[in-house]
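Novice: Pasting a structure here, questions to come.
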Amino acid sequence: MKDFVTNAYTLRVTPSRDFDKTAHLFTEDFGRIEARVVSGRKPLSKFSPHLEPMRRVTVRLAQRKGFTITDVLSEKPSLYIKNNNDLWSHALKSFSLIHFLTPKEMKDDSLWNILENMNETGIINPKEVLSCLGYNIHHALCDVCGSQFIVGFNFYSHEFLCLACAEKFSESRIVIL
Ligand SMILES: [Zn+2]
């Protein structure tokens, strides 16, 4: 079994079988990974409080079949983001895009730098995240009707959308840019 230590941002945490949870992390060294949090749903799980979305953490991971978190240290959440609705909304959208659009286990220094910059300044721009992932909104047209007035991005179909077309999809599939 191999042991790794890496910095990461928590994208989200989802329940998995038994009392475990899965932490979806964007790591400095491996890009996006899914890591098991053993007994993460028990009230006294010592790791859970550290794994709030958007928080910067340092994790120790054991790798056998997939990753398991064996230790985690978190930094205080960025106050800039928590206290500002616009920054909070931009960060939420950016984290959704990273969660849905990044390939698993592929290191991405540019994206990592965007997250580090967010941690220092509170500022992250979902359009910049999209462009870093290869979807450039400049000169993009609505992928459904060809309109040049783009308002959103469908992260299931990877399509840019105008307002009229965005309204035809469930909100849970769209990020408004
Ligand atoms: Zn359209």
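Read-outs: derived from the displayed coordinates by stated rules, not from any lab. These figures come from a predicted structure and were not determined experimentally. Neighbour counts are summed over all protein chains in view; Cβ atoms, including those assigned to glycine, are modelled from backbone coordinates with ideal geometry.
Novice: Rounded to the nearest 10 degrees, what's the angle between the helix 85-101 long axis and the longest principal axis of the chain, both from Cα atoms, 0 to 90?
Specialist: The helix 85-101 is inclined about 80 degrees to the chain.
Novice: Moving on to the next point. If you place +1 on the Cβ of every Lys and Arg and -1 on the Cβ of every Asp and Glu, how big does the dipole about the Cα centre of the chain come out, in debye to the nearest 20? Working shown, then result.
Specialist: Numbers: 22 positive and 20 negative charges, 155 e Å.
Result for the chain is approximately 740 debye, rounded to the nearest 20.
Novice: Quick one: which residues, 5+ away or cross-chain, put their amide H under 5 Å from the amide H of R32? H built at 1.01 Å from N.
Specialist: T27, E105, M106
Novice: Could you work out the equivalent-ellipsoid semi-axes for the chain, taking the square root of 5 times each eigenvalue of the Cα gyration tensor, largest first, in whole Å?
Specialist: Numbers: eigenvalues 189, 58, 48 Å².
Sorted largest first and rounded, they come to 31, 17, 16 Å.
Novice: Let me ask something else about it. So for L161, L133, L73, fewest C-beta neighbours within 10 Å to most, what's the order?
Specialist: Working: L161 28, L133 18, L73 12.
Exposure proxy ranking, most exposed first: L73, L133, L161.
Novice: Compute the acute angle (0 to 90°) between the alpha-carbon long axis of helix 109-121 and the principal axis of greatest extent of the alpha-carbon atoms of the chain; round to the nearest 10°.
Specialist: Helix 109-121 sits at roughly 90 degrees to that axis.
Novice: Still on this model: What number in nm² do you get for region 137-177 if you take the convex hull of its Cα atoms and divide its surface by four? Provide the component values of the computation, followed by the final result.
Specialist: Working: hull surface 9.7 nm².
Computing the convex hull of the Cα atoms and averaging its projections yields 2.4 nm².
Novice: From the phi of every residue in region 170-175, what ³J(HN,Hα) in whole Hz does the Karplus formula 6.51 cos²θ - 1.76 cosθ + 1.60 yield, where θ is phi - 60° and glycine or proline is x?
Specialist: 5, 4, 6, 9, 10, 10
Novice: What is the extension gain from N125 to H138, computed as 0.36 nm multiplied by their sequence separation minus the C-alpha to C-alpha distance, in nm to one decimal?
Specialist: Length gained, N125 through H138: 3.3 nm.
Novice: Per residue of region 57-62, what does 6.51 cos²θ - 1.76 cosθ + 1.60 with θ = phi - 60° give for ³J(HN,Hα)? Whole Hz please, x for Gly and Pro, Karplus curve as stated.
Specialist: Going residue by residue, I get 10, 10, 10, 9, 10, 9 Hz, with x marking Gly and Pro.
Novice: Give, in nm to one decimal, the length gained when the segment between L92 and R41 is fully stretched (0.36 nm per residue of separation minus the Cα-Cα distance).
Specialist: 16.1 nm
Novice: Right, next: If we count other beta carbons within 10 Å of each Cβ, what is the order of H139, H90, fewest first?
Specialist: The most exposed by this proxy come first: H139, H90.
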